[in-house]
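The values are calculated or read from the model by the stated rules, or taken from the named source; none is laboratory data. The structure presented is a predicted model; accordingly, all values stated were derived computationally and were not measured. Here the Cβ positions follow ideal geometry from the backbone for every residue, glycine too, while neighbour counts run over all protein chains shown. For the accessible areas, the whole protein counts, side chains as well, though only heavy atoms, and no ligand, DNA or RNA atoms are used. Shrake-Rupley method; radii C 1.70, N 1.55, O 1.52, S 1.80 Å.
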Amino acid sequence: MVEQVRKLLDRKLKNALQLEQLRQTILNDKDSSRVTVSVCGGTGCRASGAQAVVDAFYEEIEKQELQVKIEFKETGCHGFCERGPVVVIGPEKIFYQHVKPEDVPEIIAQTVINGEIIRRLLYKHPATDEEITYESDLPFYKRQMRLILGTNGEIDPTDITQYIAAGGYSALSKAVLRMSPEKIINEITRSGLRGRGGGGFSTGRKWQSCRVAEGDIKYVLCNADEGDPGAYPDRSILEGNPHSVIEGMIIGAYAIGSNQGYIYVRNEYPLAVEHARIAIDQATDYGLLGENILGSGFDFKVTINKGGGAFVCGESSALIASLEGKVGEPKAKYVHMSEKGLWDRPSLLNNVKTWANIPLIINKGADWYTKIGTDGSKGTMIFSLVGKINNSGLVEVPMGITLREMIYEIGGGIPGGKKFKAIQTGGPSGGCIPEQYLDTPVDFDELKKLGSMMGSGGMIVMDEDNCMVDIARYFIDFLKGESCGKCTPCREGLSKLSEILNRITHGEGRPEDLETMQDIGEILDIGALCALGRTATNPVLSTIKYFKDEYIAHIRDKKCPAGVCRKLIEFSIDPEKCTGCGVCARACSTKAISGVKREPHVINQGMCIKCGACFDSCKFNAVIKR
Amino acid sequence: MTKYWISSETSVEINDAPDVNAVHFNVDDKNIMVSAGQTIYEALQRMPGIGEIPALCYNPAIRPYGACRLCTVEVSEDRGKSFRFVASCLYPAKEGQIVKTNTEKIRKLRKGIIELLLARCPDVRVIQELAKEYGVEKPRFSLGGHDCILCGLCVRACQEIIGKSAISLVNRGIYKEVAAPFYAYELGEECIGCGDCSYVCPTGAIIMGSNGKPVLPRVKIPYAEVGAMTSKEKLSTSQK
């Protein structure tokens, strides 16, 4: 397809008309009698085996010579990662979940050719057992507003013509040919868009200060160094729709007067790197990047720079140091980056999600955009909803939706009928929000009030089986390992916090520990050099605030109420319930369980390593964890 | 007419006319006038008695770095409506700003940082003295056995003043340390033995060896932290 159009075109696009003609050609060429079959090729589905499903489709289509009947594509992330690999068929979007390669011939024979539904591949509503056929009817998608992620499931990210067919690059042609830089910045400012990387600074104001900054050379940067454990919105956009990010960057570059852009992306995201590279090459081929873009006289180039794997490089000044080839350490930002950034020149750095919002705002206008969201936070936000939740995946919701709606309506509640305990928003330096605040609307300012933050879009749900002290310990250990070690409060403070939390979870907590940790929290909050250090104590301070009783149980009573901290729990066997089947004794790796067959067994506490194998293996709930 | 202090003893009375070569601002309720283009810390260095700011990673000959955070002060640029915490060694002195160098919060922050530093380096005299001054008796944490506070002065002196870059800071977080190229601890040809690193070191962690080259501080990782190390890291520590 690409090759056909390229031959037809055989030249770079020189003006807006040619872009529209190309779009029409692609749309006219499209055979509407062909059935579209799209397989999710996002990282989540790939991990569940989507590549084998894709190969099976190619093989089957070739074997039955169905190329004229089926339009097959491997798309970006559809969002519903829990149910991967996901296959979506036809314009009506029949949704098949957990598809295996052996299901493929049946899908082609029944659904694609005969239009019949294969019921065993459908999503079943967990509460009502009702089978749901179409994607739009799934409760997971119903409450979402997929302005940015929506295109992910429609296009093959490695084929620019599909992005153009979906209306891509029309915002670019509108911006560079029909709008002045001032008008673009005004539009972005009016839209109320705030930085999606976590800072929440007004994007329009950032652009304006970069536009007025003195300097002949300016840079446009895209922050795709997403290192939060459990968060992957940036990854999925760059993998599934890289052109939207590039289009946003070109518009930003035109608005501030820059000719060079960089995408700083984690090396651990190979698919995102590859797709971004293909997208840049294709956009350059089509004259949408490079010299004299669409005949406007404006030149812009984008280069990909791969990160070295440090979490702190997502911080703007560390990212710039890393781009310059220096050690990725933050610097004090008393002079704004929009005046002195990369190589001391004015630089405009935005997150992947922020860039992806730009074409949307230019196309549909600031007035339309301000209708979505709350007073202080406009538009939609993409979260990765993970943890103890039924429907884990990527969700895009309008700002202002409540946490309860996200967890119970989109997320489908907590698995196994367990009780909700807390939700952590904003990545490792976010706070844990308890049940009583679930009706809080999700926006930048409201989350901050609760001692948490919007961050880059991580949301981790925890249930009654999670120990909050252990959660705080996990995140502090992560941040301790990722601290660059430049400033004293962060380097020494986090290592001491980790020491104290490890001691508490080992049953060696001291009564004064809570106060000590709060003191360290204060030092980091006002003393640390960069945002990593300043927000690092959120997980500790918020858990102390909302779950103090758990800390007290660990410190004073030497008990872990959730049964997580191994040093504080004890396994025993209930003689009433034990049938003497011996399964636990066989599961025990240290041979700590003994007993006569068909008689209650006992655990030798001296030999028990508290691995929990007996607890998991017992079918009669006779093993007690205390 | 307003009275401005131009050194710790001398004051002048001038009209509040803008002067492009001077910056007028307020430090701890005293109006001062300094030449433009300095940081707050630099400006106050020349005025002993006005403002009290300790610092460990600062040296007038080397570009400021902002690592020790002891020089943190509160600054207001809206006539005292709101204050924020900044490192005075990096923050420029600006016309009309209000600086507080010794508020309760600042003293608490410095005390906390000193407590953390004392836990890292319990045997270093300069830190013991600071601890006495700020009322830190015994750190509430496990004690380490370091001499180096990772202020980076040695590395920056070697790079900026000598132009050799024979040593640098390697690794990150609690594993950060000063080392020679290729993570070696013995200095070779690249070091000219000038001794600058040893001279600028605030804690005396670098001494000159008998071969005319500096002996780098070895990081002694406390036991509690060893528990969190991977086996590979333990191996490399034990080999030191």
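Report yes if residue A:508 is assigned to a helix (DSSP H, G or I) and over 28 Å from the mean Cα position of the chain (by Cα), otherwise no. No: the conditions fail for residue A:508. Just to be sure before I move on: is residue A:159 at pLDDT 90 or above and of a type in the set (Asp, Glu) in the structure I sent? So residue A:159 fits the description; yes.
If you go through the range B:199-217 and pick out every residue that is open to solvent by 30 Å² or more (accessible area, probe 1.4 Å) and either hydroxyl-bearing (Ser, Thr, Tyr) or not assigned by TED's automatic domain parsing to the domain that holds residue B:159 (or both), you end up with 2. Of the residues making up the range A:19-67, those that are among the hydrophobic types (A, V, I, L, M, F, W, C), over 16 Å from residue A:106 (Cα atoms) and part of a helix (DSSP H, G or I) are A:19, A:22, A:26, A:27, A:45, A:47, A:50. The residues in the range B:91-105 that are touching a strand residue (DSSP E or B) at 6+ places or on another chain (Cβ under 8 Å) and more than 9 Å from chain A (Cβ to nearest Cβ) can be counted, and the count is 10.
Restricting attention to the range A:436-482 and to residues that are within 14 Å of another protein chain (Cβ to nearest Cβ) and touching a Phe, Trp or Tyr at 6+ places or on another chain (Cβ under 9 Å), the residue that is surrounded by the fewest Cβ atoms within 10 Å (Cβ to Cβ) turns out to be A:481. Within the range A:483-500, the set of residues being under 13 Å from residue A:538 (Cβ atoms) and either under 22 Å from the mean Cα position of the chain (by Cα) or open to solvent by 20 Å² or more (accessible area, probe 1.4 Å) (or both) is empty. Suppose we keep only residues that are among the aliphatic types (A, V, I, L, M) and closer than 28 Å to residue B:90 by Cβ within the range A:483-511. Which one would you say is farthest from the other protein chains (Cβ to nearest Cβ)? Per the stated criteria, the residue is A:497.
Being within 21 Å of residue A:15 (Cβ to Cβ) and surrounded by fewer than 17 Cβ atoms within 10 Å (Cβ to Cβ) is the requirement here; does residue A:325 meet it? Here the answer is no, as residue A:325 does not meet what is asked. Residue B:69 meets each of the listed conditions (1) open to solvent by less than 40 Å² (accessible area, probe 1.4 Å); (2) basic (Lys, Arg); (3) more than 25 Å from the chain's Cα centre (by Cα) apart from (3).
Scanning the range A:406-413 turns up no residue that is in contact (Cβ under 8 Å) with a residue 24 or more places away in the chain, surrounded by fewer than 24 Cβ atoms within 10 Å (Cβ to Cβ) and touching an Asp or Glu at 6+ places or on another chain (Cβ under 8 Å). In the set A:593, A:573, A:624, A:603, only one residue is over 30 Å from residue A:489 (Cβ atoms) and modelled with pLDDT under 90; that residue is A:624. Got a sec? Which of A:514, A:529 is within 14 Å of chain B (Cβ to nearest Cβ) and in a loop (DSSP other than H, G, I, E, B)? Result of the check over A:514, A:529: A:529. I want to confirm something. Restricting to the range A:296-310 and keeping residues that are part of a loop (DSSP other than H, G, I, E, B) and within 20 Å of the chain's Cα centre (by Cα), which single residue is nearest to residue A:475 (Cα to Cα)? Step by step, filter the range A:296-310, then rank; the result is A:310. Using the structure shown, decide if residue A:352 is crowded, with 24+ Cβ neighbours inside 10 Å, within 14 Å of chain B (Cβ to nearest Cβ) and either at pLDDT 90 or above or closer than 30 Å to residue A:424 by Cα (or both). Criteria not met by residue A:352. Based on this model, can you work out whether residue B:184 counts as out of contact with any Lys or Arg (no Cβ under 9 Å at 6 or more places or on another chain), closer than 30 Å to residue A:477 by Cα and more than 14 Å from every other protein chain (Cβ to nearest Cβ)? Spelling it out, residue B:184 is indeed out of contact with any Lys or Arg (no Cβ under 9 Å at 6 or more places or on another chain), closer than 30 Å to residue A:477 by Cα and more than 14 Å from every other protein chain (Cβ to nearest Cβ). In the range A:194-201 there is at least one residue matching the filter, namely being touching a Lys or Arg at 6+ places or on another chain (Cβ under 6 Å) and within 16 Å of residue A:357 (Cβ to Cβ). Does the range A:217-263 hold any residues that are hydrophobic (A, V, I, L, M, F, W, C) and in a helix (DSSP H, G or I), and which are they? The answer is A:237, A:238, A:245, A:246, A:249, A:250, A:251, A:253, A:255, A:256.
Residues in the range B:144-164 that are over 18 Å from residue B:205 (Cα atoms) and either in a loop (DSSP other than H, G, I, E, B) or within 12 Å of chain A (Cβ to nearest Cβ) (or both): B:159, B:163, B:164. Checked against the criteria, residue B:172 counts as under 16 Å from residue A:327 (Cα atoms), open to solvent by 30 Å² or more (accessible area, probe 1.4 Å), within 12 Å of chain A (Cβ to nearest Cβ) and of a type in the set (Lys, Arg). For the range A:95-113, which residues satisfy the criterion of being within 20 Å of residue A:48 (Cα to Cα) and open to solvent by less than 10 Å² (accessible area, probe 1.4 Å)? Listed by number, the residues that qualify are A:95, A:96, A:99, A:104, A:107.
Take the conditions (1) within 18 Å of residue B:131 (Cα to Cα); (2) within 11 Å of chain A (Cβ to nearest Cβ); (3) free of Cβ contacts under 8 Å to residues at least 24 places away in the same chain; residue B:84 misses just one of them, which is (1).
Screening the candidates B:115, B:95, B:104, B:77 for the property of being within 20 Å of residue B:203 (Cβ to Cβ) and among the acidic types (Asp, Glu) yields one hit, B:115.
Residue-level check: of (1) on the phi < 0 side of the Ramachandran plot; (2) out of contact with any Cys (no Cβ under 7 Å at 6 or more places or on another chain); (3) in contact (Cβ under 8 Å) with a residue 12 or more places away in the chain, residue A:152 misses just (2). Candidates in the range A:176-201 are the residues that are charged (D, E, K, R) and more than 14 Å from residue A:251 (Cβ to Cβ); of these, the one that is surrounded by the most Cβ atoms within 10 Å (Cβ to Cβ) is A:196. Listed conditions (1) over 30 Å from residue A:518 (Cβ atoms); (2) in the same structural domain as residue A:508 (by TED's automatic domain parsing) are all met by residue A:549, apart from (1).
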